[in-house]
Amino acid sequence: MGTLTIGVSIAVPEPHGSLLQQLRASFGDAAAHGIPTHVTLLPPTEIDDTALQAVEAHLTEVAAAGRPFPMRLAGTGTFRPLSPVVYVQVAEGAEACTWLQKQVRDASGPVARELQFPYHPHVTVAHGIDDDAMDRAFEELADYRAEWPCTGFALYEQGADGVWRKLHEYVFGGAVVPPQASAPSERGLPAH
């Protein structure tokens, strides 16, 4: 019996995910290419590999109870000096992310755990690099904006090489995407 390091997160979709990942690498964050751009719901957590099936069943239930919601990123923030992190802020969707992460970490579930810091949904763009590079990340992304309809989340496993790989995607049970998160042509705007 072995152990796995897993995480649960909401992927930042393309083209935003790749752009933020490239920017993170450009700031000197060596971990950038091994971590898909995301909003964390469950931080890196070690489990017995025999528990994976129970985790997957639990996440299926969480997703079934979830509903699509609009996600909007806007501007930057930092956890410094407490933690060496610069991030893009979740300007819309934070309440839904907070609800989801509580369901994922539910005390009766297979990945119940306490967090080191209070939950704060965000997209990391610099972690553990020198202060000048952290300042540059904070300033360069201050006007960054992105939005999309969040329709689910995914389970990831960290490999021995430190790279996070998607194991399974979970789609929310609600089939209705909120109007503010729909495509432009569905809002009565001309399609391109």
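Read-outs throughout are calculated quantities, based only on the coordinates presented, and are distinct from any laboratory measurement. Just so it is clear, the structure is predicted and the values come from calculations on it, not from any experiment. Using ideal geometry, Cβ is built from the backbone for each residue, glycine included, and neighbour counts are taken over all protein chains shown.
Using 0.36 nm per residue and subtracting the Cα-Cα separation, the extra length available between HIS33 and GLN103 on full extension is 22.3 nm. On full extension, the segment bounded by ASP130 and GLU61 gains 20.7 nm, given 0.36 nm per residue less the C-alpha separation. Each of the peptides 21-28, 36-43 was scored by the mean count of other Cβ atoms within 10 Å over its residues; in descending order, highest first, they stand as 36-43, 21-28.
For every helix of n ≥ 4 consecutive DSSP H residues, a contribution of -39,500 (n - 2.57) applies; sum these over the chain, divide by its total residues, and give [θ] at 222 nm rounded to the nearest 500 deg cm²/dmol. Display every interim value, and only then the final one.
Working: 4 runs with 46 residues, N = 192.
Dividing the helical sum by the residues of the chain leaves -7500 deg cm²/dmol.
If a paramagnetic tag sat 7 Å from the Cα of LEU82 along the Cα-Cβ line, which residues of the stretch 113-155 would have the backbone N under 12 Å from that point? What the label zone holds, given the 12 Å backbone N cut-off, is 116-121.
Ignoring solvent entirely, what values of log10 I(q)/I(0) come out of the Debye formula for the chain at 0.08, 0.12, 0.14, 0.20 Å⁻¹ when each Cα is a single scatterer? Ignoring solvent entirely, the Cα scatterers give -0.27, -0.61, -0.83, -1.49.
By how many nm would the segment from GLU140 to THR3 grow when fully extended, if each residue of separation counts as 0.36 nm and the alpha-carbon distance is taken off?
On the way: separation 137, 0.36 × 137 = 49.32 nm, distance 3.90 nm.
So the chain would gain 45.4 nm between GLU140 and THR3.
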